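> Okay, here's the structure, questions in a sec.
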Amino acid sequence: MAKQRGRESNTGLVVTLVFFILTAVGLGVATYYGFAQQADLTNKAAAADKAAKDAEKERDWYKFQAWTYRAYLGQTVNIDDTALKVYREQFDANQLGKDAKDRDDVVKLIKAIEDKKYRIAKEDKNKTLVPEDVQMAWDKDTKRPKATYDYVYTGLNKLVEYQENQTAAALRAKDEADAKAKDSDEIMVADKIKYAKEVKDLGDKYNDELKTERARSDELTGKLKDAEKATGDAVQAGEDKAKTIQKGIAEKDTKIKQVEGRLNDLNERLEAMSKHDTDAPDNGKPIPTDWRIVRMDSSGKRPFINLGSSDNIHPPLTFSIHGKGPDGKPLPASKGSLEVIDVVGDHLAQAQVVSVKDSFKDPILPGDYLYNPIFNPSAERHVVIAGRIDMHGVKGQDDLEEFERLLKRQNVVVDGYVDPQDGSIKGKLTVGTDFLILGDVVGAKPEVVASTKTLQEQARSNGVHIISAREFLESIGYRTP
């Protein structure tokens with residue numbers, strides 16, 4: 001009985017071992033197939049990821065081409081400039097489309113476009129492609145012209161060529177203008193030399209004449225002394241001769257003053273040229289180019305000028321306003337006038353526009369020149385007045401006293417005037433007088449007319465400028481009725 005129980009125990013053990021082995025084998029097989037399936041899935045996922053990346057690269061490659069060609073054609077709507085820039089940088093770095101089959105063709109096309117060497121080609125009689133500039137490509141299927149990229153780019157090339165030709169023409173015009181400006185400068189230098197020589201020659205001639213006249217005066221003085229020693233009729237004859245001699249001396253003195261006046265006038269002209277002065281109004285004084293409007297206020301009625309306290313400027317000094325001609329020089333005709341109202345700096349003052357002849361066709365602008373023939377920053381001007389002065393358009397009224405007050409405010413000294421009551425000349429006209437201002441003498445007393453003529457003759461003899469009262473008022477910017 002004991003042996004039978006031991007056999008039964010061994011059988012159970014064997015059965016248990018068999019089941020364990022079968023279970024282990026099953027688990028091993030199941031585990032093997034599970035890992036194999038997982039590896040297969042991993043490989044498929046990697047392949048799918050690679051295909052997606054390849055598709056993305058291909059998408060970027062063709063998107064870059066499409067955006068690039070659209071940009072060349074000028075159709076930039078909905079194009080991402082930042083993305084296109086990144087694509088272009090990748091393309092230039094040989095990263096974008098590096099494996100694409102058409103990369104070489106795309107590189108050649110873009111280079112041809114950017115080098116402006118892309119043209120339409122057609123077959124000639126030898127069946128070879130030759131470049132051709134045409135208006136439109138021909139579609140054989142539809143039997144009509146068609147717009148092509150080639151045609152559009154050819155048109156762009158022609159536009160660029162036209163613009164380059166226009167630019168070249170503009171540069172040639174600039175070179176010609178520079179050459180003319182250089183010639184003008186050379187002419188101005190030549191004129192300076194010419195006038196300098198004339199001044200020197202006139203000075204030498206004046207000195208020679210002065211020596212001659214002094215010698216002659218000494219000689220005549222000697223003869224006068226000899227004549228004074230004579231008696232009787234000889235003394236009388238000597239006195240008569242002395243009078244003749246004195247008259248000759250006076251005439252020569254007058255001539256010397258005339259020569260001095262001409263010499264001073266030439267010196268003024270030479271100085272004006274050296275300062276680039278330009279055309280002058282009728283009174284003969286040149287318009288300076290260094291007095292001008294520097295800027296306008298917001299209202300356009302109160303400009304700022306480049307004259308201030310250091311230039312001896314003060315209210316209510318007035319100026320006429322002159323525009324700039326095509327050659328940059330002041331125009332002789334006045335476009336309006338202004339009056340200084342406030343001095344704000346060493347070389348800056350604010351003025352107000354008093355009159356404008358045509359505010360639409362010829363407005364007051366920065367850069368316009370200022371003119372006042374009697375204004376001198378460093379010295380007073382001197383004038384003599386003759387005739388009736390009309391400042392308000394009232395017939396028969398004489399505004400002499402008001403005119404003198406106006407001149408005083410302009411830093412002008414009145415050396416003399418013709419008394420309208422008795423025609424006498426008050427004061428004196430000398431070579432130091434700058435202007436003889438002529439008023440109206442119509443209906444004036446004969447004595448006034450005679451004194452006015454006398455002053456005109458003296459002015460011509462002394463080289464003094466003669467100007468009418470109306471012209472004078474307009475030139476200093478005073479509005480006349």
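The values are calculated or read from the model by the stated rules, or taken from the named source; none is laboratory data. The structure presented is a predicted model; accordingly, all values stated were derived computationally and were not measured. Reconstructed Cβ throughout: ideal geometry from the backbone, glycine too, with neighbour counts over all protein chains shown.
Residues checked against (1) in contact (Cβ under 8 Å) with a residue 24 or more places away in the chain; (2) within 26 Å of LEU436 (Cβ to Cβ):
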| position | (1), (2) |
| --- | --- |
| GLY323 | yes, no |
| PRO332 | yes, yes |
| LEU338 | yes, no |
| ASP358 | no, no |
| ILE385 | yes, yes |
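> What about GLY336, is it touching a Ser or Thr at 6+ places or on another chain (Cβ under 6 Å) and not assigned by TED's automatic domain parsing to the domain that holds LYS453?
Values: touching a Ser or Thr at 6+ places or on another chain (Cβ under 6 Å): yes; not assigned by TED's automatic domain parsing to the domain that holds LYS453: yes.
In short, yes.
> Quick check on LYS243: is it at pLDDT 75 or above and more than 22 Å from the chain's Cα centre (by Cα)?
Numbers: at pLDDT 75 or above: yes; more than 22 Å from the chain's Cα centre (by Cα): yes.
Yes: the conditions hold for LYS243.
> Keeping to region 355-381, report how many residues are under 20 Å from the mean Cα position of the chain (by Cα), part of a loop (DSSP other than H, G, I, E, B) and surrounded by 12 or more Cβ atoms within 10 Å (Cβ to Cβ).
5
> Could I ask something else about it? Considering SER320, SER299, SER310, which residue is more than 24 Å from LYS200 (Cα to Cα), of a type in the set (Ser, Thr, Tyr), in a loop (DSSP other than H, G, I, E, B) and at pLDDT 80 or above? So that I can check it myself, show each step before the final result.
Numbers: SER320 fails: in a loop (DSSP other than H, G, I, E, B); SER310 fails: in a loop (DSSP other than H, G, I, E, B).
After applying the criteria, what remains is SER299.
> Could you grab me the full set of residues in region 178-236 that are exposed (fewer than 10 other Cβ atoms within 10 Å of the Cβ), at negative phi and not in a helix (DSSP H, G or I)?
Selection gives LYS229, THR231.
> Could you grab the pairs with beta carbons closer than 8 Å, sequence gap of 6+ or different chains, first residue in region 456-471 and surrounded by fewer than 17 Cβ atoms within 10 Å (Cβ to Cβ), second one in a helix (DSSP H, G or I) and hydroxyl-bearing (Ser, Thr, Tyr)?
Pairs that qualify, where the first residue is surrounded by fewer than 17 Cβ atoms within 10 Å (Cβ to Cβ) and the partner is in a helix (DSSP H, G or I) and hydroxyl-bearing (Ser, Thr, Tyr), are SER461/THR254.
> One residue is enough: does region 382-394 have a residue meeting the conditions surrounded by fewer than 18 Cβ atoms within 10 Å (Cβ to Cβ), closer than 30 Å to PRO303 by Cα and outside the structural domain of PRO316 (by TED's automatic domain parsing)?
Filtering region 382-394 down to residues surrounded by fewer than 18 Cβ atoms within 10 Å (Cβ to Cβ) leaves 392-394.
Now narrow it down to the ones that are closer than 30 Å to PRO303 by Cα: 392-393.
Imposing the further condition that a residue be outside the structural domain of PRO316 (by TED's automatic domain parsing) reduces the set to 392-393.
For region 382-394, residues surrounded by fewer than 18 Cβ atoms within 10 Å (Cβ to Cβ), closer than 30 Å to PRO303 by Cα and outside the structural domain of PRO316 (by TED's automatic domain parsing): present.
> Name the residues in region 50-83 that are touching a helix residue (DSSP H, G or I) at 6+ places or on another chain (Cβ under 7 Å), farther than 21 Å from ALA112 by Cβ and not β-branched (Val, Ile, Thr), would you?
Passing the criteria: only ASP60.
Here is a yes/no grid of residues against (1) over 28 Å from LYS357 (Cα atoms); (2) among the hydrophobic types (A, V, I, L, M, F, W, C); (3) within 42 Å of the chain's Cα centre (by Cα):
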{"position": "ASP398", "(1), (2), (3)": "no, no, no"}
{"position": "VAL414", "(1), (2), (3)": "yes, yes, yes"}
{"position": "VAL441", "(1), (2), (3)": "yes, yes, no"}
{"position": "VAL449", "(1), (2), (3)": "yes, yes, no"}
{"position": "HIS465", "(1), (2), (3)": "no, no, yes"}
{"position": "ARG470", "(1), (2), (3)": "no, no, yes"}
{"position": "TYR478", "(1), (2), (3)": "no, no, yes"}
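> So SER337 passes all but one of these: (1) crowded, with 17+ Cβ neighbours inside 10 Å; (2) among the polar types (S, T, N, Q); (3) not in a strand (DSSP E or B). Which condition number does it fail?
SER337 satisfies every listed condition except (3).
> Can you name the helices (runs of 4 or more DSSP H) wholly within region 392-481 that have at least 3 residues being of a type in the set (Val, Ile, Thr)? Spell out the reasoning first.
Details: elements: 400-409, 446-462, 469-475.
By residue number, 446-462.
> Of all residues in region 442-455 being among the hydrophobic types (A, V, I, L, M, F, W, C) and in contact with a strand residue (DSSP E or B) (Cβ under 7 Å, 6 or more places away or on another chain), which is surrounded by the fewest Cβ atoms within 10 Å (Cβ to Cβ)?
First pass over region 442-455, keeping only residues among the hydrophobic types (A, V, I, L, M, F, W, C): 442, 444, 448-450, 455.
Going one step further and asking which of them are in contact with a strand residue (DSSP E or B) (Cβ under 7 Å, 6 or more places away or on another chain), we end up with 444, 448, 455.
Values: ALA444: 20, VAL448: 22, LEU455: 25.
Per the criteria, the residue is ALA444.
> From the list LYS116, LYS98, LYS108, exactly one residue is assigned to a loop (DSSP other than H, G, I, E, B) and at pLDDT below 85. Which is it?
On the way: LYS98 fails: at pLDDT below 85; LYS108 fails: assigned to a loop (DSSP other than H, G, I, E, B).
Only one candidate passes the filter, namely LYS116.
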